[in-house]
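A short worksheet on the structure shown next.
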Amino acid sequence: MHPITPTQAQDQTRYRWNTVPIGGGGYVTGMVIHPTEPNLIYIRTDVGGAYRLDTSENRWIQIADSLGTLHDNFAGVESIAVDPSDPDIVYIVVGMYRREQLAAWGSWAEGDPEPTGMFKSTNRGETWTQLNVTVSSGANEPWRWIGERLAVDPNDGRVVLFGSRSEGLWRSADAGETWVTVDALPLSTEVGAGVLWVAFDASSGSAGSPTPVIYAGVYGGGVYRSTDTGETWDLVNNGGVAPGQSPQRAAIASDGTLYVSFVGSGTYPPGTWKFQDETWTNITPRAGLNFSAISVDPANPQRLIVAQEEPNWGNRLFYSENGGTDWIVVQANADFTIPWYLPDMFGAAISSLTFDPHVPNRVWFTDWYNTWVTDDISQQPSRWQNVTAGHEETVILTLTTPPAGAPLLSGAADVTGFVHARLDQYAEENIANFALQDITGIDYAEANPDYLVFVGGRRYNNSGDGGYSTNGGRTWTRFATVPPNAIHGKIAVSSDGSSIVWIPTSQQPHYSTDNGQTWQVGTGVPAGSVGILWETEHPLAADRDTPGRFYLLRGDSLVRSDDDGATWETIYRFPVNMESGMRKHPLDTERIPEVSAWAVDPGFRIIHTMPGEVWVQLGNQLFASQDGGETFTTIPQVDALRRFALGVAVPGSSRPTVFIWGMVDEQEGVYRSSDTGETWTRIDTPDVPIFSISHLRGDRQVFGRVYLGLNGRGIWVGEPEDHTD
């Protein structure tokens with residue numbers, strides 16, 4: 001086992017770090033409440049770690065950031081389990097994507113650090129120990145809403161089971177010290193889904209001895225049961241339940257009744273069933289619907305609640321007080337504490353349902369954006385509140401920092417983006433006042449920062465969109481047209497606001513001189529300068545002084561337009577090797593001796609501009625120009641580079657402040673330079689999750705303030721401790 005503690009940092013310039021409140025914004029895929037310890041509640045997320053509820057402040061505390069610093073892929077939590085006999089013990093399995101999937105994308109290969117893992121905490125998630133078992137997990141892959149795959153025997157905490165996606169069932173008999181595969185449980189016929197959940201029937205055993213009766217759901221295979229503590233397994237197919245069905249979630253009542261929700265599979269219809277007295281009974285609330293989240297009241301085996309399973313908004317809840325013989329549709333009133341939430345976001349793609357074992361009638365559910373709770377499920381209508389404080393899970397796709405007005409604007413996946421007029425409050429509404437899913441590009445006119453533009457798209461119908469604001473983002477106007485088949489991409493606006501350049505994903509640059517009424521194709525640049533939605537490169541920028549001038553990084557060259565984006569010409573070729581690729585894990589501190597061998601990834605390009613300045617990152621090198629990109633100087637003293645940003649100059653200087661996430665003197669961290677890279681000061685602290693940073697931006701209004709946009713953990717803001725607003 002390997003003990004894991006939070007990231008440490010050198011104590012140099014003292015910074016304070018906080019999250020910029022957004023409010024949820026990501027998929028909460030599961031919840032576990034400790035059965036004997038009141039108010040000990042955990043949630044897991046697909047890309048944003050795990051949280052424990054602090055009931056004194058009704059606030060979620062992130063408990064898995066230290067794991068993400070070991071490997072970016074650890075930010076996704078596949079499953080979570082508590083030890084019913086010891087409230088201090090909690091287990092999690094982490095890994096956003098299976099190693100097979102990462103290998104297919106070319107981002108993992110044999111010999112690289114393992115991208116998934118299992119961890120145990122004996123202090124409720126304050127610190128973690130990595131367990132000696134290697135299983136592939138996919139917390140952000142299909143079937144992430146099922147579970148729990150991980151379970152601790154309620155009668156004997158030494159016994160732990162984990163149902164993997166592609167490697168079968170694993171068992172530990174010594175509280176995670178050693179693991180073996182359980183060959184008696186058949187492997188799933190569907191690679192990538194596997195064993196969907198495991199559940200112990202506590203009523204079948206007694207405290208101090210392993211529980212004899214265990215159930216497991218297998219994708220495409222049905223429900224299996226063991227009556228000998230997991231040594232042998234048999235398919236439970238009595239009563240007409242076909243093994244072709246896929247059991248999504250299960251709940252075992254105090255009397256041993258097994259309740260299971262199924263999704264339709266092939267010729268097999270979806271439904272909800274119970275297994276009691278060796279007989280399956282169909283108790284489906286509504287024929288034709290898929291069901292997933294399910295829970296039974298620990299104090300009453302007849303009280304049951306199940307959720308419709310659809311990947312959209314407004315999933316329905318069904319409630320029964322007689323074991324599923326009769327159902328009512330739960331009528332609910334939702335109290336929204338997040339100003340920008342839309343009514344339909346209540347009950348979106350519900351993933352888990354949980355009767356609170358310590359508060360009668362209290363029920364929780366988790367969904368695409370949030371966690372919800374009602375104190376009385378028996379009421380019609382019941383009143384629900386979202387519990388959001390501390391849960392920051394948005395995937396940041398772009399950031400920008402105007403020199404006046406709101407200090408920060410963000411673009412995000414699934415929840416569009418926000419004007420952050422205050423850095424300590426939730427935004428009042430989304431950027432777009434029309435339906436949009438993702439915002440991938442935002443910019444401002446330097447001479448008129450009230451003029452803002454953005455672009456994005458909708459993955460669900462593969463369409464693109466964008467708009468502009470003339471009042472600093474208080475209101476937005478939709479572009480009258482979009483280029484043919486345009487979606488996502490990056491956008492820049494001329495310093496005087498007279499022209500806009502939009503490069504949609506995999507297309508050529510398009511430009512508009514009439515606020516998006518019409519678009520023309522620029523010449524001189526082939527298609528493909530901007531990649532897919534999830535790429536964090538930012539190769540497009542406007543000159544902050546010269547109207548109509550734009551810059552674009554393509555390969556090892558800087559391409560410039562001086563006529564609003566109509567024509568483009570290569571003006572500078574950087575002295576870098578674009579043939580070999582940068583290492584997949586360039587900031588793995590165990591590989592510091594290999595730093596000198598790193599080359600440049602030709603797809604990793606970032607350009608930022610300030611008045612009189614053009615700065616370029618190509619892979620591991622940083623360059624600066626003060627003559628519109630005609631000539632560049634190389635910025636020294638950087639061993640490794642992931643991201644960089646420019647901020648307002650230190651008082652008394654005319655050159656911008658430079659921020660990087662990288663390595664200086666072989667020490668990984670976030671650094672600041674006030675002398676154009678001659679010297680660097682480390683500014684991160686143990687409070688900062690240095691992992692999965694997709695975007696870095698320096699503040700244009702406050703010296704020293706910097707923003708980290710994370711892939712699944714929202715936005716962090718850091719500023720010198722002596723700064724006051």
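The values are calculated or read from the model by the stated rules, or taken from the named source; none is laboratory data. Note that this is a predicted model, so its numbers are computed, not measured. We place every Cβ from the backbone using ideal geometry, glycine too, and count neighbours over all the protein chains shown. Keep in mind that these areas ignore ligands, DNA and RNA; they rest on the heavy atoms of the full protein, side chains included. Shrake-Rupley method; radii C 1.70, N 1.55, O 1.52, S 1.80 Å.
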Based on alpha-carbon centroids, what's the gap between region 610-638 and region 503-530 in Å, whole number please? 25
Label-point separation (nm) for Q331 and R16, each offset 7 Å from Cα along Cα-to-Cβ? 4.8
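Say R0 is 25 Å: what FRET efficiency, to the nearest 0.05, do A404 and T570 get from their beta-carbon distance? Provide the component values of the computation, followed by the final result.
Values: r = 34 Å, r/R0 = 1.35.
According to the calculation, E is roughly 0.15.
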Quick one: 3J(HN,Hα) in Hz for region 117-133, Karplus 6.51/-1.76/1.60 with θ = phi - 60°, rounded, Gly and Pro as x. x, 10, 10, 10, 10, 10, 9, 6, x, 5, 9, 9, 10, 7, 8, 7, 8
Rounded to whole Å², per residue accessible area for the chain with a 1.4 Å probe reads 35
Under the 0.36 nm per residue contour assumption, what length would be gained going from the current alpha-carbon distance of D86 and Q380 to full extension? 102.2 nm
Please work out the FRET efficiency for the pair T475 and N58, using the Cβ-Cβ distance as r and a Förster radius of 35 Å; give the result to the nearest 0.05. 0.60
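Projected area of the chain, taken from the Cα convex hull and averaged over every viewing direction, in nm²? Intermediate results must be reported in sequence, preceding the final value.
Numbers: hull surface 118.9 nm².
So the Cα hull casts an average projection of 29.7 nm².
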Give, in nm to one decimal, the length gained when the segment between S204 and A184 is fully stretched (0.36 nm per residue of separation minus the Cα-Cα distance). 5.1 nm
HN-Hα J in Hz across region 344-352 - Karplus 6.51, -1.76, 1.60, θ = phi - 60°, x for Gly and Pro: 5, 6, 6, x, 8, 6, 3, 10, 9
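Counting helices only, and only those DSSP H runs with n ≥ 4, report the 222 nm mean residue ellipticity of the chain as the sum of -39,500 (n - 2.57) divided by its residues, in deg cm²/dmol to the nearest 500.
Values: 2 runs with 11 residues, N = 725.
The helix-only estimate for the chain comes to -500 deg cm²/dmol at 222 nm.
Where both residues lie in the chain, what percent of DSSP beta bridges are antiparallel, nearest 5? Mind showing how you got there, number by number?
Values: 177 of 186 bridges.
Counting DSSP beta bridges with both partners in the chain, the antiparallel share is about 95 percent.
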